Amino acid sequence: MRVLITGGAGFVGSHLVRDRLELGDNVVVLDDLSTGFADNVPDDAEFIEGSVVDLDVVRKAVANADLVLHLAASRAVLRSVHDPIQTDRANTLGTLNVLTAARDADVGKVVLASSSSVYGGVAPVPTPEVAPLTPKSPYAVSKLAMEHYARVYFELYGLETVALRYFNIFGPRQRPDSAYAAVIPIFTEAIAAGRSIQIHGDGEQSRDFTFIGDIVAANRIVAAAAGAIVGGKVYNVAGGRPVTLNELVTGLESILGVEAQREFTEPRAGDIRLSFADTRAAAVELGWRAQIPFEDGLARTVEWFRGWQPPAGG
Ligand SMILES: NC(=O)c1ccc[n+]([C@@H]2O[C@H](COP(=O)([O-])OP(=O)(O)OC[C@H]3O[C@@H](n4cnc5c(N)ncnc54)[C@H](O)[C@@H]3O)[C@@H](O)[C@H]2O)c1
């Protein structure tokens, strides 16, 4: 089948591109390279450099697609705080363009990358999909808007859409030099280089880290699932165990064989203390659950990092 992957030059998208190629699909990547890297896209995928904000470009990319995996987004919470309009254009208007083009091109299914940030950190833990949604940043608002548009396009136009709420993904190809890099690549790089790491607060805040292999598996399952079951739905996709930052650092120390220099700084305003998903809906309705223990995922991530070279001059 023909699959369009928006954001396919990014961390998560690049893994989905490889997975769909392995399944024998024809893959088209649409990415504006704002945080992604052209060399993340394998030669056997078709690459269109362009933005989801441009409806004409999206229509061309969507043509004849059977499946769309929509990952393209401005994904940094902090950037959204500094520039909410930029984030909204990429995430809300971008999604609306993807859904509209997919509807008009009779695409079979659209799987969208949502985020645990829609809960806002005040939900009960473990957090089920039905928990109250109180997004706390423009980024989180845009992800919630995306979910609503996806459901409405299913209800109004019969376009099969499914939104997956990802919780802190990590794994190979998540680069420390990407704009607004995530905590695991930042800590890995700093500890390996003997530099100190900054931990906001006491380090006892936790995240439900999810290894990329489990995200790929969830996308495979959802892409193949019957629309009658998943259409218009939202599912948590998470590792299934809260891991504190202190535990993360200890894990990295043991894999890297280097003692970290921890610098504890003031807690960050609005930092979520405990992030922990209830993933029973995905288990019951999709037969998906995370398979890769955090420690194994971390070891595989560090292994990738050891072989990674920062670009010259970068
Ligand atoms: N990584 C995580 O922990 C996490 C957690 C929850 C949700 N998500 C979501 O998963 C998706 C992928 O995240 P990621 O970690 O791979 O980030 P990423 O930044 O590596 O990938 C996003 C990709 O989208 C591209 N992009 C951005 N704006 C675009 C636009 N207007 N048009 C076309 N392409 C554009 C970027 O160049 C990049 O290649 C995002 O939608 C993100 O919000 C990620």
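Here is a list: L21, L4. Which entry is touching a residue at least 24 places away in the same chain (Cβ under 8 Å), part of a strand (DSSP E or B) and out of contact with any Lys or Arg (no Cβ under 9 Å at 6 or more places or on another chain)?
Every option except L4 fails the conditions.
Find the residue count for the stretch 58-78, including only residues that are near the ligand (Cβ under 10 Å from one of its atoms), in a loop (DSSP other than H, G, I, E, B) and of a type in the set (A, V, I, L, M).
4
So which of V107, V111 ends up being of a type in the set (V, I, T) and touching a Ser or Thr at 6+ places or on another chain (Cβ under 9 Å)?
Working: V107 fails: touching a Ser or Thr at 6+ places or on another chain (Cβ under 9 Å).
Unique residue meeting the criteria: V111.
Please specify each residue of the stretch 167-192 satisfying the condition of being touching a Pro at 6+ places or on another chain (Cβ under 9 Å), within 9 Å of the ligand (Cβ to nearest atom) and either over 26 Å from V125 (Cβ atoms) or not aliphatic (A, V, I, L, M) (or both).
Passing the criteria: F170, Q174, R175, S178.
Working only within the stretch 193-216, note down all residues that are among the hydrophobic types (A, V, I, L, M, F, W, C) and either surrounded by fewer than 17 Cβ atoms within 10 Å (Cβ to Cβ) or touching a strand residue (DSSP E or B) at 6+ places or on another chain (Cβ under 9 Å) (or both).
Listed by number, the residues that qualify are A193, I197, I199, F209, F211, I212, I215.
Among the residues of the stretch 213-230, are any touching a Gly at 6+ places or on another chain (Cβ under 8 Å) and farther than 29 Å from M146 by Cα?
No: zero hits.
Would you confirm whether or not the stretch 119-142 contains a residue that is in a strand (DSSP E or B) and either at pLDDT below 95 or hydrophobic (A, V, I, L, M, F, W, C) (or both)?
There is no residue in the stretch 119-142 that is in a strand (DSSP E or B) and either at pLDDT below 95 or hydrophobic (A, V, I, L, M, F, W, C) (or both).
Any idea which residue in the stretch 91-118 is farthest from the ligand (Cβ to nearest atom), counting only those that are in a strand (DSSP E or B) and not charged (D, E, K, R)?
V110
Has the stretch 81-90 got at least one residue that is in a loop (DSSP other than H, G, I, E, B), more than 9 Å from the ligand (Cβ to nearest atom) and over 19 Å from the mean Cα position of the chain (by Cα)?
So far as the stretch 81-90 goes, yes, one or more of its residues are in a loop (DSSP other than H, G, I, E, B), more than 9 Å from the ligand (Cβ to nearest atom) and over 19 Å from the mean Cα position of the chain (by Cα).
The values are calculated or read from the model by the stated rules, or taken from the named source; none is laboratory data. Everything quoted here is computed from the prediction, not taken from an experiment. Glycine gets a Cβ as well: all are built from the backbone with ideal geometry, and neighbour counts include every protein chain shown.
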